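Right, one structure below, let's go through it.
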Amino acid sequence: MAVKRIETKASQTAGYTCFSRACAAREKDPRFRGPDHIAESILPAAARVVVRIPWMRKLFMDRLFPAGIYEYVLARTKELDAAFVEAIDARFDQIILLGAGFDTRALRFADRNRGTRIFELDVPATLDPKVEILRRKRIPIPDELAFVRINFDREDLAAALAKAGFQFGRKSLFLMEGITMYLTAQALDRTLEFVRQNAAPGSRVVFDYIYASVLRRENRFHGEREIFETVARAGEGWTFGLEDGEVKAFLAQRGFQLLAHYTPDQLQKKYLMAEDGTTFGRINGTHCISIAGMK
């Protein structure tokens, strides 16, 4: 099996997401300000300088990010934050972040957590630098948080989680943020089957995905051509998508019920439009977010 770039170097897309979150947390308008106040601390020194200077921030975002992706990350962060907090408040036993990257939710909501165990899974090349930064900067790591190093293509998910203290048959939330589009269909099926077999009734899976037409390069959506080329240049090209309108049936066939679904237009209305009609920007049209429950 060929060695992928992310097996030896930290994920570039995870770095871009962290930079986006850091920039969003400094938005001037509080209606559209991002919630991740820790992301900036994880960035390299040069990137932190860029984030803190408005004109440099805008320049780099215009050059680095395809149309609408910054806006999408801002909306996605808020939507998945809401799912994370809901699980904590409902006293879910566990939250599992698959492909966690530089996620900070366990840190940002630590004061709200009343015993939910949190597992962050990722390849060592991405996870180890994050852990080192947190420790070097003396950012407290909650007792409930466990870091799980895993190569998803080569290692067994159940074994890796069990070793970290995962309890099978408990009510759990599985977050897959920016992950499904990098998987094969078989790998996603294995992941969903793991959830169905090893989590309790009432457990949930939250994930985003791209439209399958994006993989066919049909260029139907705002910012589609640019984002496809960006991830390909990063050596982390997309491999999986769902047809428009397919997600409900896709989940039902795998033992899940679609609880909520957000298209790009719906995300834009929910997070990027104020009550007075002011809009923050136009969201990239390639991604949707789904929340699924076990039947």
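The values are calculated or read from the model by the stated rules, or taken from the named source; none is laboratory data. These figures come from a predicted structure and were not determined experimentally. So basically every Cβ, Gly included, is an ideal-geometry build from the backbone, and we count neighbours across all protein chains shown.
List of remarks:
- Glu275 at pLDDT below 95, in contact with a helix residue (DSSP H, G or I) (Cβ under 9 Å, 6 or more places away or on another chain), surrounded by 14 or more Cβ atoms within 10 Å (Cβ to Cβ) and not basic (Lys, Arg): no
- Among the residues of region 101-119, those that are of a type in the set (Gly, Ala, Ser) and either surrounded by fewer than 14 Cβ atoms within 10 Å (Cβ to Cβ) or without any contact (Cβ under 8 Å) to a residue 60 or more places away in the chain (or both) comprise Ala106, Ala110, Gly115.
- Counted residues, region 144-177 - those being touching a residue at least 12 places away in the same chain (Cβ under 8 Å) and in contact with a Phe, Trp or Tyr (Cβ under 9 Å, 6 or more places away or on another chain): 19
- Exactly one residue out of Ile210, Ile283, Ile227 is in a loop (DSSP other than H, G, I, E, B), aliphatic (A, V, I, L, M) and either in contact with a Leu (Cβ under 7 Å, 6 or more places away or on another chain) or in contact (Cβ under 8 Å) with a residue 24 or more places away in the chain (or both): that is Ile283.
- Number of residues in region 113-141 that are over 17 Å from the mean Cα position of the chain (by Cα) and either closer than 14 Å to Gln94 by Cα or of a type in the set (A, V, I, L, M) (or both): the value is 11.
- For region 120-143, the condition of being in a loop (DSSP other than H, G, I, E, B), of a type in the set (Asp, Glu), surrounded by fewer than 17 Cβ atoms within 10 Å (Cβ to Cβ) and without any contact (Cβ under 8 Å) to a residue 24 or more places away in the chain holds for at least one residue.
- The lone exception for Asp89 - which of (1) within 24 Å of Tyr16 (Cα to Cα); (2) of a type in the set (Asp, Glu); (3) touching a Lys or Arg at 6+ places or on another chain (Cβ under 8 Å) it fails: (1)
- Subset tally (residues that are modelled with pLDDT under 95 and in a loop (DSSP other than H, G, I, E, B)) for region 179-200: 3
- Qualifying residue in region 241-258 (condition: in contact with a Phe, Trp or Tyr (Cβ under 6 Å, 6 or more places away or on another chain) and either free of Cβ contacts under 8 Å to residues at least 60 places away in the same chain or among the polar types (S, T, N, Q) (or both)): yes
- Scanning region 230-245 for residues that are out of contact with any strand residue (DSSP E or B) (no Cβ under 7 Å at 6 or more places or on another chain), more than 16 Å from Asn284 (Cβ to Cβ) and not in a loop (DSSP other than H, G, I, E, B) gives a single hit, Arg233.
- Some residue of region 246-265 being within 18 Å of the chain's Cα centre (by Cα), in a loop (DSSP other than H, G, I, E, B) and either closer than 21 Å to Val73 by Cβ or not hydrophobic (A, V, I, L, M, F, W, C) (or both): yes
- Entry remark, region 1-42: residues being in a loop (DSSP other than H, G, I, E, B), at pLDDT below 95 and of a type in the set (A, V, I, L, M) number 4 in total.
- Within region 86-99, restricting attention to residues that are in contact (Cβ under 8 Å) with a residue 40 or more places away in the chain and part of a loop (DSSP other than H, G, I, E, B), the residue that is farthest from Phe168 (Cα to Cα) is Gly99.
- Residue in region 62-100 that is farthest from Ala146 (Cα to Cα), counting only those that are surrounded by fewer than 17 Cβ atoms within 10 Å (Cβ to Cβ) and hydrophobic (A, V, I, L, M, F, W, C): Leu64
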